[in-house]
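J.: The structure is given below, and queries will be raised subsequently.
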């Protein structure tokens, strides 16, 4: 009897401790799950709040200005009651396309080098340097465009405007380089080694393996980095405001001054316009157009990625 009693007394605390630990884990997981749910809810609520605010402030604008005129008009001069957003959209696309022409070849080339050719020492040195480049404020890039890039362009092309789309495209291209390089390099390095070894076994060279095996296998991730960089370029504000100028016009000339949608928002957000005026509401109308453009781009990007995605066991 004494032996059984002793055994029960020694095993009971062990059972209680195990039950207590399990109960503590259950409660901890419940708390963590609740916190994560709150974070997700805050994100959704923030997005909904932004959309509601844009609609609330934009609807009075569209009550006075036709949506057709807003989307198809070729003149943007709110003080003269001309509300065609195409010049701002054209300026945004001109800078974005120019930035991608700068960033895509440089970014993809650097990512391929880091993933396939660079030594570990070079990779560990270059990647932190790229992260530092990503942390430089955009206003610094804008100042660089004013004091260095624009004068350089002006010296080679005298007919270029002092502030032009080319200068803005160059600085935005360098700003989005870290995004393309970092994401593309990670995707390239995640391609299964068995694909590389199979190609080498068939007699392929390093170049053949990189171009014909690794890049096609990682193409969906590379495209995702490109699309993310495009969204970043479209939403860039301060660098474009300083470098591109402030002239809304429809042009394909990279050496003329243009105005983007984000630059217009910055220009009109200084407090000069009275609350409730049509000029004040143009800020939210342009912001709504920018939001819709970015959302459509993201939807198209998700559709493209769904069709291109590669899965490996």
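J.: Check residue 284 against each of (1) in contact with a helix residue (DSSP H, G or I) (Cβ under 6 Å, 6 or more places away or on another chain); (2) closer than 16 Å to residue 91 by Cα; (3) surrounded by 19 or more Cβ atoms within 10 Å (Cβ to Cβ) and name the one condition it does not meet.
T.: (2)
J.: Just checking, which of 60, 87, 105 is surrounded by fewer than 20 Cβ atoms within 10 Å (Cβ to Cβ), modelled with pLDDT of 90 or more and either in a helix (DSSP H, G or I) or out of contact with any strand residue (DSSP E or B) (no Cβ under 6 Å at 6 or more places or on another chain) (or both)?
T.: Going through 60, 87, 105 in turn, the sole match is 105.
J.: Okay, moving on. For residue 229, indicate whether it is buried (at least 17 other Cβ atoms within 10 Å of the Cβ) and within 15 Å of the chain's Cα centre (by Cα).
T.: Spelling it out, residue 229 is indeed buried (at least 17 other Cβ atoms within 10 Å of the Cβ) and within 15 Å of the chain's Cα centre (by Cα).
Yes/no matrix, rows are residues, columns are (1) part of a helix (DSSP H, G or I); (2) within 30 Å of residue 289 (Cβ to Cβ); (3) modelled with pLDDT under 90; (4) touching a helix residue (DSSP H, G or I) at 6+ places or on another chain (Cβ under 9 Å):
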residue	(1), (2), (3), (4)
5	yes, no, yes, no
12	yes, no, yes, no
20	yes, no, yes, no
41	yes, yes, no, no
44	yes, yes, no, no
47	yes, yes, yes, no
69	yes, yes, yes, no
74	no, yes, yes, yes
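Results for (1) touching a helix residue (DSSP H, G or I) at 6+ places or on another chain (Cβ under 6 Å); (2) in a helix (DSSP H, G or I), shown as yes or no for each residue.
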position: 150; (1), (2): yes, yes
position: 154; (1), (2): no, yes
position: 170; (1), (2): yes, yes
position: 174; (1), (2): no, yes
position: 179; (1), (2): yes, yes
position: 183; (1), (2): yes, yes
position: 191; (1), (2): yes, no
position: 199; (1), (2): yes, yes
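J.: Another question about this same structure. Does residue 218 satisfy the criteria of being more than 30 Å from residue 162 (Cα to Cα), modelled with pLDDT of 85 or more and surrounded by 17 or more Cβ atoms within 10 Å (Cβ to Cβ)?
T.: Yes; evaluated as a whole, the condition is true for this residue.
The values are calculated or read from the model by the stated rules, or taken from the named source; none is laboratory data. This one's a predicted model, so the numbers in the text were calculated from it and none came from an experiment. Heads up, the Cβs are rebuilt from the backbone with ideal geometry, glycines too, and the neighbour counts pull from every protein chain shown.
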